[in-house]
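Written out below as structure tokens is the structure these notes cover.
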Amino acid sequence: MKKTLIGLLALTLMFSCKNSEEKNTEDQESKEVNVYTHRHYESDQELFKQFEEETGIKVNVINASADELIQKMSMEGEQSPADVLITVDAGRLERAKSRDLLQSIESEVLENTIASHLKDQDNHWFSLTKRARVIAYAKDRVNPEELSTYEDLASEKWNGKLLVRSSGNIYNQSLMASLIVNNGEEEAKKWAEAVVENMARSPKGNDRDQVKAVVAGEGDLAIVNTYYIGKLLNSDDPEEVKAGEKVGLFFPNQDGRGTHINVSGAGVARYAPNKENAIKFIEFLVSEEAQKIFAHSNYEYPVNEAVEPAALLQEWGDFKEDTLNLSQLGQNNKKAVMLFDEAGWK
């Protein structure tokens, strides 16, 4: 009997210690979220701080390029401390999903806030902000009435006048993927070949560089993301402001499917040690207060429809956006890269 009592006491103590350890683990989980992010804006740091203040959950941030973060998570495997992956463009988000680095989650907030085409069909990732990929044109050399669609950029009238960054850029790859889905591979390849013929120079630099090259007279048109124009117009560098002022923006395909958009987005990591905190964090980033900061600080379009874009974006006017589900951009990324190579787009 004495031995039985001692055994029961030992068993009780063992479970008591185990429960205490589990409670400590839960307490620790409730206080932090580990964020792997490709974004590097002050607005994001402001939001992370605000989330900490409102929830008491500490945000631990790892900054690197999207490819580096995806590789890091792959190498870490089940031991990865990552809770949330934030990166730009649906192509990269879909790449992370295809490598089994993200997990499907359930969230009424995300389900009710984000339009269906702006999130993964299996709820592995969700858009946080939108950028339209538009045509910037020289105000003094191009009549905007001559512009119409992305497809029209293949027209001979733009021969030697088009500026665009390299085919290695994810924004161009996703634009190409959208053309594959909407027009078919054969037509998309013909388009890419004609665009190469119309290039004013070999692709180089980022979107801001394309705009500066238009202003310098190297070409008349550039394919750019809208938020880069916002950055130029609000730069501390007077020369960048002048560059932004000398180009007009045209939103293609308004009489058809609408203008192509790409996004920044977030997903919960496959082995997230703080899953519930990760979900809370992403829900916070699509809240009205967070979306206002995204919209007004970085000139991106909000994904929360209750939030208005920044005043500058409103000046550009409303536009019809392509509602193609963005998952298809990532699913067609390899085809896009292959067709670029075949077309000689460097």
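Could you please let me know if V286 is over 30 Å from E146 (Cβ atoms) and in contact with a strand residue (DSSP E or B) (Cβ under 8 Å, 6 or more places away or on another chain)?
On the way: over 30 Å from E146 (Cβ atoms): yes; in contact with a strand residue (DSSP E or B) (Cβ under 8 Å, 6 or more places away or on another chain): yes.
It is true that V286 is over 30 Å from E146 (Cβ atoms) and in contact with a strand residue (DSSP E or B) (Cβ under 8 Å, 6 or more places away or on another chain).
Could you please find all residues in segment 11-53 being under 30 Å from T129 (Cα atoms), part of a helix (DSSP H, G or I) and either at pLDDT below 80 or open to solvent by 70 Å² or more (accessible area, probe 1.4 Å) (or both)?
Taking segment 11-53 first, the residues under 30 Å from T129 (Cα atoms) are 29-53.
Then drop every residue that is not part of a helix (DSSP H, G or I), which leaves 29, 42-53.
Within segment 11-53, E29, E42, Q45, E46, K49, E53 qualify.
Please go through segment 106-159 and give me each residue that is within 25 Å of the chain's Cα centre (by Cα) and in a helix (DSSP H, G or I), ordered by number. Write out each step before concluding.
Going through segment 106-159, the residues within 25 Å of the chain's Cα centre (by Cα) turn out to be 106-137, 149-151, 153.
Listed by number, the residues that qualify are E108, V109, L110, E111, N112, T113, S116, H117, L118, E151, L153.
Looking at M73 and the list (1) over 21 Å from E300 (Cα atoms); (2) at pLDDT below 95; (3) over 14 Å from the mean Cα position of the chain (by Cα), which single condition is not satisfied?
(2)
Could you list, in sequence order, all residues of segment 61-116 that are hydroxyl-bearing (S, T, Y) and under 17 Å from L329 (Cβ atoms)? Give the derivation first.
As a first pass, look at segment 61-116 and keep what is hydroxyl-bearing (S, T, Y): 65, 74, 80, 87, 98, 104, 107, 113, 116.
Once the filter is applied, which keeps residues that are hydroxyl-bearing (S, T, Y) and under 17 Å from L329 (Cβ atoms), segment 61-116 yields T87, S98, S116.
Run E276 past the list (1) touching a Gly at 6+ places or on another chain (Cβ under 8 Å); (2) closer than 30 Å to E76 by Cβ and report the number of the one that doesn't hold.
(1)
Looking at segment 136-154 only, could you name the residues that are of a type outside the set (A, V, I, L, M), out of contact with any Pro (no Cβ under 9 Å at 6 or more places or on another chain) and in contact (Cβ under 8 Å) with a residue 40 or more places away in the chain? Please lay out each step first, then the result.
If we filter segment 136-154 for residues that are of a type outside the set (A, V, I, L, M), which is where we start, we get 137, 139-141, 143-146, 148-152.
In the following step, the residues that additionally are out of contact with any Pro (no Cβ under 9 Å at 6 or more places or on another chain) were identified as 139-141, 143-146.
Within segment 136-154, K139, D140, R141, P144 meet the criteria.
With respect to N234, is the statement that it is open to solvent by less than 60 Å² (accessible area, probe 1.4 Å) and of a type in the set (S, T, N, Q) true? Step through it out loud before you land on a result.
Working: open to solvent by less than 60 Å² (accessible area, probe 1.4 Å): no; of a type in the set (S, T, N, Q): yes.
When the stated conditions are applied, N234 does not pass them.
Can you confirm whether segment 278-288 contains a residue that is basic (K, R), touching a helix residue (DSSP H, G or I) at 6+ places or on another chain (Cβ under 7 Å) and touching a residue at least 12 places away in the same chain (Cβ under 8 Å)? If you could, list the steps in order and put the result at the bottom.
As a first pass, look at segment 278-288 and keep what is basic (K, R): 280.
Then keep just the ones that are touching a helix residue (DSSP H, G or I) at 6+ places or on another chain (Cβ under 7 Å); that gives 280.
Now restrict to residues that are touching a residue at least 12 places away in the same chain (Cβ under 8 Å): 280.
Checking segment 278-288: at least one residue is basic (K, R), touching a helix residue (DSSP H, G or I) at 6+ places or on another chain (Cβ under 7 Å) and touching a residue at least 12 places away in the same chain (Cβ under 8 Å).
For segment 99-135, what are the residues that are among the acidic types (D, E), open to solvent by 10 Å² or more (accessible area, probe 1.4 Å) and either touching a His at 6+ places or on another chain (Cβ under 9 Å) or touching a residue at least 40 places away in the same chain (Cβ under 8 Å) (or both)?
Start the filter on segment 99-135 by keeping residues that are among the acidic types (D, E), which leaves 100, 106, 108, 111, 120, 122.
Cutting the leftovers down to open to solvent by 10 Å² or more (accessible area, probe 1.4 Å) gives us 100, 106, 108, 111, 122.
Within segment 99-135, D100 is the sole residue that qualifies.
All but one of (1) part of a helix (DSSP H, G or I); (2) surrounded by fewer than 20 Cβ atoms within 10 Å (Cβ to Cβ) hold for A290, so report the exception by its number.
Looking at each condition in turn, A290 falls short on (2).
Give all pairs with beta carbons closer than 9 Å in which a residue from segment 308-330 that is on the phi < 0 side of the Ramachandran plot and hydroxyl-bearing (S, T, Y) meets a residue that is open to solvent by less than 20 Å² (accessible area, probe 1.4 Å) and assigned to a loop (DSSP other than H, G, I, E, B); count only pairs at least 6 apart in sequence or on separate chains.
T323/G258; S327/D120; S327/W125
Name the one entry in G168, G160, G91 that is open to solvent by 30 Å² or more (accessible area, probe 1.4 Å), at pLDDT below 95 and small (G, A, S).
Details: G160 fails: at pLDDT below 95; G91 fails: open to solvent by 30 Å² or more (accessible area, probe 1.4 Å).
Checking each option against the conditions leaves just G168.
Six or more apart or on different chains, Cβ under 6 Å: which pairs go from a residue in segment 198-215 that's over 12 Å from L162 (Cα atoms) to one that's open to solvent by less than 60 Å² (accessible area, probe 1.4 Å) and of a type in the set (S, T, N, Q)? Could you list them?
D207/N225
Quick check on segment 237-269: of everything there that is in a helix (DSSP H, G or I) and open to solvent by less than 10 Å² (accessible area, probe 1.4 Å), which residue is farthest from N182 (Cα to Cα)? Break it down stepwise before answering.
Step one: of segment 237-269, the residues in a helix (DSSP H, G or I) are 238-245.
From the residues that got through so far, the ones that are open to solvent by less than 10 Å² (accessible area, probe 1.4 Å) too are 243-244.
On the way: A243: 33, G244: 31 Å.
Per the stated criteria, the residue is A243.
Take the conditions of a type outside the set (D, E) and open to solvent by less than 10 Å² (accessible area, probe 1.4 Å) and apply them to A216. Does it pass?
Numbers: of a type outside the set (D, E): yes; open to solvent by less than 10 Å² (accessible area, probe 1.4 Å): no.
In short, no.
How many residues does segment 58-88 contain that are surrounded by fewer than 17 Cβ atoms within 10 Å (Cβ to Cβ), in a loop (DSSP other than H, G, I, E, B) and of a type outside the set (S, T, N, Q)?
The total comes to 2.
Does segment 237-260 include one or more residues that are modelled with pLDDT under 95, in contact with a Phe, Trp or Tyr (Cβ under 6 Å, 6 or more places away or on another chain) and over 17 Å from H124 (Cα atoms)?
No, because not a single residue in segment 237-260 is modelled with pLDDT under 95, in contact with a Phe, Trp or Tyr (Cβ under 6 Å, 6 or more places away or on another chain) and over 17 Å from H124 (Cα atoms).
The values are calculated or read from the model by the stated rules, or taken from the named source; none is laboratory data. Fair warning: this is a prediction, and the values are worked out from it, not measured in the lab. Here Cβ is always computed from backbone atoms with ideal geometry, including for glycine, and neighbour counts include all displayed protein chains. We work out accessible area using only protein heavy atoms, side chains counted, and drop any ligands, DNA or RNA first. Shrake-Rupley method; radii C 1.70, N 1.55, O 1.52, S 1.80 Å.
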